[in-house]
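First up is the structure itself, then whatever we jot down about it.
The values are calculated or read from the model by the stated rules, or taken from the named source; none is laboratory data. What you are looking at is a predicted structure, and each value in this text was computed from that prediction instead of being measured. Here the Cβ is made from the backbone with ideal geometry for all residues, glycine too, and neighbour counts use every protein chain on show. Side chains are part of the model used for accessible areas, which takes the heavy atoms of the whole protein and leaves out ligands, DNA and RNA. Shrake-Rupley method; radii C 1.70, N 1.55, O 1.52, S 1.80 Å.
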Amino acid sequence: MAYLTTADKEHFKEHGYVVIRGALDQQVIGDALDVLWNNIEEDRNNPDSWIGRGYRTAGKIGGEPAIRCTVYSDPVFAMAEEMIGKGTLRTEGGAGPHLNFPNPNQEWREPMGHLDGYHTPTNGVPKGTV
C-alpha cells in the first residue's frame with residue numbers, strides 16, 4: 001500500500017521534508033512524550049523550566065521502544081521506505097529526540113534544511129543522494 005503521493009515525494013526531494021498529518025497515532029505520540037518528559041530535567045507542567053534551555057539531544061532514550069515507535073512503526077517507516085526503497089534504511093541504534101526549547105533572548109529564525117544523508121537545499125548533500 002502506498003502512503004505517499006507523487007507530489008509528496010517531489011516535495012521531499014526538493015525541500016528535504018514533507019508534512020503528513022495524522023501519520024502517528026495519538027497513543028504513540030503520548031507514550032513517546034511520557035518517556036521524553038520522564039527523562040529530561042525540565043518539568044512538563046512548568047513552562048518556566050523550559051525557557052532558555054536551548055538545543056540538545058536526548059540520546060539516552062533513543063533506544064526506548066516508545067521513542068523508536070515514532071520512527072520505525074507503520075506507517076512512518078513504510079513512508080520512509082517508499083522514498084528510498086524497501087530494506088535500505090538502518091534500523092539499529094537510536095539517536096534520540098532533538099530538543100530545542102524557546103529562548104526569549106534569541107531571535108527566531110526559520111529552521112535550515114537538514115536531514116542526515118539526504119539532499120536538502122542547504123545541507124551540502126548532492127541532489128539525488130541518499
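Candidates G113, G128: the one that is surrounded by 13 or more Cβ atoms within 10 Å (Cβ to Cβ), at pLDDT below 90, of a type in the set (G, A, S) and outside any helix (DSSP H, G or I) is G113. Give me the residue from segment 6-54 that is β-branched (V, I, T) and open to solvent by less than 70 Å² (accessible area, probe 1.4 Å) and, out of that set, farthest from the chain's Cα centre (by Cα). Looking at residues that are β-branched (V, I, T) and open to solvent by less than 70 Å² (accessible area, probe 1.4 Å), I get I40.
Quick check on segment 2-21. Is at least one of its residues outside any helix (DSSP H, G or I), of a type in the set (F, W, Y) and at pLDDT 90 or above? Within segment 2-21, one or more residues are outside any helix (DSSP H, G or I), of a type in the set (F, W, Y) and at pLDDT 90 or above. Restricting segment 96-110 to residues that are under 18 Å from C69 (Cβ atoms) and assigned to a loop (DSSP other than H, G, I, E, B), the residue that is modelled with the lowest pLDDT is G96.
Note on segment 40-68: residues that are in a loop (DSSP other than H, G, I, E, B) and in contact (Cβ under 8 Å) with a residue 40 or more places away in the chain amount to 8. Of the residues making up segment 1-44, those that are more than 15 Å from M79 (Cβ to Cβ) and hydrophobic (A, V, I, L, M, F, W, C) are I29, A32, L33, V35, L36, W37, I40. G93 meets all of the listed conditions (1) open to solvent by less than 70 Å² (accessible area, probe 1.4 Å); (2) at pLDDT 75 or above but one, namely (2).
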